[in-house]
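Take a look at the structure set out below.
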Amino acid sequence: MGTINVSGKDIEVDEEGYLVNRSDWTEAVGTEMAKIDNCDLTQNHWEVINFLREYYDEYQIAPAVRVLTKAIGKKLGADKGNSKYLYELFPYGPAKQACKYAGLPKPTGCV
Amino acid sequence: MTESTGGIDMDEETSGVVKKFLYVNRKAPYGTIYALESLEVVLIAAAFDQDVSLAFLDDGIYQIVKGQHTKNIDVKNFSPTYRALEGYDIEKLYVEKESMEARGLTEDDFLVDVKVMTKSEMADLMASQDVVMSF
């Protein structure tokens, strides 16, 4: 358990950097988490992050990477719904890394 | 750490066998951990490209009933997750007719599309599986 500092406020994260309280999330929190990983979030990153937040709101889980890839393809087009594109954006694994910045728990099935 | 579909080398020699898995859900969604655990196992197993079916019997039928509100018992309402199963290519959901009728429910009360089958059809379904896991 640790904390990250976002605009003067300490936010609790677990040992892998995921938010402890989902309600603490703001875009600034996502940006700060990415900065810790040396990742600059672009519009393309945010598309995926926002998609994950919507998915979670609807289904109450973070999708497995296979499901994410398929759903992104349906929503944002085939040029984005493939592993290559998503792994380039999120080299630590699209579901795992993007879920972290989205303030969501690690996808079910990720060990 | 690996992503849920990664880390395992599914080449042609090892991925040839597809088994039929049936997850049998018999318990009410809250009060015990069985329903949630079953759902998590199903979601994890979905990554392995097996032939997966879910059956709902007895009080397990309440797991997929519409309009669950869990705020006052202070647990997460995970019922929306059943609607994510389709995206995981899990589309074979079965409800036992006798259990459904005994609880005054109809197909319209469920938040996912299901196939209703009689106790004896359910027995045949179970007999046709390679693996049956009961929760």
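Tabulated values for the structure
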| quantity | calculated |
| --- | --- |
| Selection count, segment B:47-94, where residues are surrounded by 15 or more Cβ atoms within 10 Å (Cβ to Cβ), assigned to a helix (DSSP H, G or I) and more than 13 Å from chain A (Cβ to nearest Cβ) | 7 |
| Qualifying residue in segment A:21-29 (condition: under 11 Å from A:ALA98 (Cβ atoms) and surrounded by 18 or more Cβ atoms within 10 Å (Cβ to Cβ)) | no |
| Restricting segment B:95-111 to residues that are surrounded by 19 or more Cβ atoms within 10 Å (Cβ to Cβ), of a type in the set (A, V, I, L, M, F, W, C) and in contact (Cβ under 8 Å) with a residue 40 or more places away in the chain, the residue that is farthest from A:LYS70 (Cα to Cα) | B:VAL95 |
| Residue match in segment B:116-133 (condition: within 24 Å of A:GLU58 (Cβ to Cβ), surrounded by fewer than 17 Cβ atoms within 10 Å (Cβ to Cβ) and away from chain A (no Cβ under 14 Å)) | no |
| Segment B:1-46, subset closer than 16 Å to B:ILE90 by Cβ and more than 14 Å from every other protein chain (Cβ to nearest Cβ), residue modelled with the lowest pLDDT | B:VAL18 |
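Okay, residues lined up against (1) facing another protein chain (nearest Cβ under 7 Å); (2) modelled with pLDDT of 90 or more; (3) within 25 Å of A:SER23 (Cα to Cα):
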residue: A:ALA62; (1), (2), (3): no, yes, yes
residue: A:VAL65; (1), (2), (3): yes, no, yes
residue: A:LYS75; (1), (2), (3): no, yes, no
residue: A:ASP79; (1), (2), (3): no, yes, no
residue: A:LEU86; (1), (2), (3): no, yes, no
residue: A:ALA95; (1), (2), (3): yes, no, yes
residue: A:TYR101; (1), (2), (3): no, yes, yes
residue: A:LYS106; (1), (2), (3): no, no, yes
residue: A:GLY109; (1), (2), (3): yes, no, yes
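The values are calculated or read from the model by the stated rules, or taken from the named source; none is laboratory data. As the structure is a computational prediction, the values presented were derived from the model and not from experiment. Cβ sites come from the backbone with ideal geometry, for glycine too, and all protein chains shown count toward neighbours.
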